[in-house]
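J.: Here it is, the structure, as structure tokens.
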């Protein structure tokens, strides 16, 4: 598949995913994923977020600033779902969450909201075609957006 075809496909699929997630987000705050395994569901959402971030980085490197907006919208919408994916008692061997997450729940919820806010800022800067603002946001996004949850509430990956 050519680079242009991949871009065209992502420009079609990402808004559809974002619209679907947006429609689901307007309902009462419930988990909107489909299995009975909450750890699997949250890991699945995190993989989607990782894929969105990778796509954002690739688009930025290619100078395709405006195309970042749909990915950032998906990040914003999924960030709002994060607190519902960590119900009390969902710490298992498969989970990388730290027990502190449930002990400091308000801080965790604020961190998820922070990720949504950073994602919305990135979306808005992208829509405005403001390359400098996008670059400034992206420079700190991983540390301040993702890291506000991952640093205090996620086990570090095993060292190889």
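The values are calculated or read from the model by the stated rules, or taken from the named source; none is laboratory data. Note that the coordinates shown come from a computational prediction; the quantities given were computed from them, not determined experimentally. Please note: Cβ atoms are built from the backbone with ideal geometry, for glycine as well, and neighbour counts cover all protein chains shown.
J.: Determine, yes or no, whether residue 95 is more than 17 Å from residue 44 (Cβ to Cβ) and modelled with pLDDT under 95.
T.: The answer is no for residue 95.
J.: Given (1) at pLDDT 95 or above; (2) loosely packed, with under 13 Cβ neighbours inside 10 Å; (3) farther than 20 Å from residue 124 by Cα, where does residue 48 come up short, assuming only one miss?
T.: For residue 48, the failing item is (2).
J.: Please find, among 59, 94, 132, the residue that is in contact (Cβ under 8 Å) with a residue 40 or more places away in the chain and over 16 Å from the mean Cα position of the chain (by Cα).
T.: 94
J.: Could you check how many residues of region 88-106 are surrounded by 14 or more Cβ atoms within 10 Å (Cβ to Cβ), touching a helix residue (DSSP H, G or I) at 6+ places or on another chain (Cβ under 7 Å) and part of a helix (DSSP H, G or I)?
T.: Number satisfying all stated conditions: 1.
J.: Within region 25-45, work out how many residues are at pLDDT 65 or above and either in contact with a strand residue (DSSP E or B) (Cβ under 7 Å, 6 or more places away or on another chain) or in a helix (DSSP H, G or I) (or both).
T.: Going through region 25-45 one residue at a time, the tally reaches 8.
J.: Considering every residue within region 135-149, establish whether at least one is closer than 21 Å to residue 35 by Cβ, part of a helix (DSSP H, G or I) and touching a residue at least 12 places away in the same chain (Cβ under 8 Å).
T.: no
J.: Which one of these is buried (at least 19 other Cβ atoms within 10 Å of the Cβ), within 20 Å of residue 42 (Cα to Cα) and either in contact (Cβ under 8 Å) with a residue 40 or more places away in the chain or within 15 Å of the chain's Cα centre (by Cα) (or both): 114, 71, 109?
T.: 71
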